[in-house]
Amino acid sequence: QLQLVESGGGLVQPGGSLRLSCAASGFTLDYYAMGWFRQAPGKEREGVSRISSRGGITNYADSVKGRFTISRDNARATVYLQMNSLKPEDTAVYYCAASPSAYWNLHTGTHWDTPSAYDYWGQGTQVTVSS
């Protein structure tokens, strides 16, 4: 059974840090690019970051550049999102998602944060930034 499970969310003060984890099971992570998305109440889901299957290429939303870092450990089938200097506007449910690497070879014009490019999604973890 293919599954993605996020963890690491919680309540943090502005300026604080959190590290989210996304554990994959039921498929080989090596063949998938992995993305993090978030959705705040009343807003559309937005892409936060993406990492290629071997970790050589990363993408970030402008709003998180310089503050968030995506990484992966394929041996552990886990993807991480290190979030530093958190702001109240980072408050959202964070989701990880998996997209076959082959998809990007066939659809070179697709932007990395296109939700339909991702086949598998986790249930999400809540991140709340508040004093």
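The values are calculated or read from the model by the stated rules, or taken from the named source; none is laboratory data. Computed from a predicted model, the values in this text were never measured in an experiment. Ideal geometry is used to build each Cβ from the backbone, glycine not excepted, and the neighbour counts take in all protein chains shown. Only protein heavy atoms, including side chains, enter the accessible area calculation; ligands, DNA and RNA are left aside. Shrake-Rupley method; radii C 1.70, N 1.55, O 1.52, S 1.80 Å.
State all residues of the range 112-131 that are part of a loop (DSSP other than H, G, I, E, B) and either open to solvent by 40 Å² or more (accessible area, probe 1.4 Å) or of a type in the set (Val, Ile, Thr) (or both); if no residue qualifies, say none. ASP113, THR114, ASP119, GLN123, SER130, SER131 - these are the residues of the range 112-131 that are part of a loop (DSSP other than H, G, I, E, B) and either open to solvent by 40 Å² or more (accessible area, probe 1.4 Å) or of a type in the set (Val, Ile, Thr) (or both).
Checked against (1) among the charged types (D, E, K, R); (2) in contact with a Phe, Trp or Tyr (Cβ under 9 Å, 6 or more places away or on another chain); (3) at pLDDT 95 or above, ASP113 passes all but a single condition, namely (3).
Listed by position, the strands (runs of 3 or more DSSP E) contained in the range 1-51 that have at least 2 residues being of a type in the set (Phe, Trp, Tyr) and over 19 Å from ALA61 (Cβ atoms) form an empty set.
So if I check each of GLY109, GLY16, GLY42, GLY35, which one is surrounded by 13 or more Cβ atoms within 10 Å (Cβ to Cβ) and more than 19 Å from LEU2 (Cβ to Cβ)?
After ruling out the rest, the residue left standing is GLY16.
Could you grab me the full set of residues in the range 1-51 that are closer than 17 Å to ARG76 by Cβ and among the hydroxyl-bearing types (Ser, Thr, Tyr)? Passing the criteria: SER7, SER21, SER25, THR28, TYR31, TYR32.
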